[in-house]
Amino acid sequence: MDEYLLSVFLGIVEGLTEFLPVSSTAHLRICEALLHIDLQDGFWKMYSIVIQLGAILALPVYFWNRILKFVSTFPKGEFGNRTIFTHPLSLTIVAFVVTAVPAWALTKVIGKNLENLWVMAWALLIGGIVMWIVDAVFTRPRTMHMEEMTLPQAIWIGAAQILSAVFPGTSRSMSTIAAGQIAGMSRPAALEFSFFLSMPTMAVAVGYDFLKSVIPHHHEAEIAPLTISPHQWIVLVIGFVVSFFVALAVVAWFMNWVRARGFVPFAVYRILLGLGLLVLLMRGMM
C-alpha cells in the first residue's frame, strides 16, 4: 500500500478507536499484522506516537469551554460545594495517579502484552461481555454530572483503568466508563470523566514512549534522532492531521450518541471482533 494512503488509513483507525470503548491498541496491532507493517521500525514507532498525539489534542479542543470553566471555579466549584479534594480537576488528577503508579510498576508486563494478540482477543471479548452486562444492570445512576462526582468514585475509576494498561484490548475508555456506571454515574457523566482522565493519561503515556525511544535503555532501538526524509515528514503530517480531525468528530458524535443511547452496540462489536481474532489466531492466520 502507498505510504500516503497507509498514513490516512492508520490515522482514521487511530482517530476512530482511541476514544470509543473498542481499544485503539488492539485495532492498530491487528492492522500491523494484516498489512505486515513493522511497527518496531524506528520511523513507524515515531508515526504511532504522532497519530496518538493528534488524537490527544482533539480532547482539549472539544472540551475547551469545560476546561476553562473548571479552572475558573477551582477549588470551590460552580456552586461553591466543592473542595480542593472533590473538585472535578482534582478528581481527574487523583484517578490518574491511582492508575499511573501501578502501571509504571508493571511496565515490563505491559510491554509483553502489547505484542500478544491472544491477550488482546480475550480482552476484547471479555470486555465486551462486561460492558454489555454493566450497561444493562446499572440503569439507576446517582451521579448525573461530572461536577457531582465523589473522591471514592474517582479512586475506583482510576483503579479500574489499570486493567486497560495491563491487558491491551481492554480499552481505557471501556474500563473507565464501565467503572463509572458501576459506581453510580450516568452514562454521559462516566463518558465525560473518561475523556478528562484520558488527557493526562495519554499525554504522559505518549511522552514516556517518546522519551524511552529518544533515550534508549538496555540497547533498545531508538527512534530519534532520525534522518527523516521529506516524504516521511509528509507521512507523519498526514497521520497527525487525519487522526486529529477524525478523533474530534468521534468525540462530538459519541457524546451525543451516549446521551440518547447506551453502549450495547460497542459491546457487541467488541465480542464479534474478539471472537473473529481468536478464530484467526487458532487457524494460524495471524
Determine if region 140-158 includes at least one residue that is crowded, with 19+ Cβ neighbours inside 10 Å and part of a loop (DSSP other than H, G, I, E, B). yes
Can we say ARG29 is assigned to a helix (DSSP H, G or I) and in contact (Cβ under 8 Å) with a residue 60 or more places away in the chain? yes
Number of the exception - LEU248 against (1) over 22 Å from MET131 (Cβ atoms); (2) at pLDDT 90 or above; (3) within 18 Å of the chain's Cα centre (by Cα); (4) surrounded by fewer than 16 Cβ atoms within 10 Å (Cβ to Cβ): (4)
Residues that are crowded, with 17+ Cβ neighbours inside 10 Å, in contact (Cβ under 8 Å) with a residue 40 or more places away in the chain, over 30 Å from VAL246 (Cβ atoms) and of a type outside the set (A, V, I, L, M, F, W, C): does region 113-134 have at least one? no
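The values are calculated or read from the model by the stated rules, or taken from the named source; none is laboratory data. In this text the structure is predicted, and so the values were computed from the model without any measurement. Because the Cβ atoms are built from the backbone with ideal geometry, glycine has one as well, and the counts that use them run over all protein chains shown.
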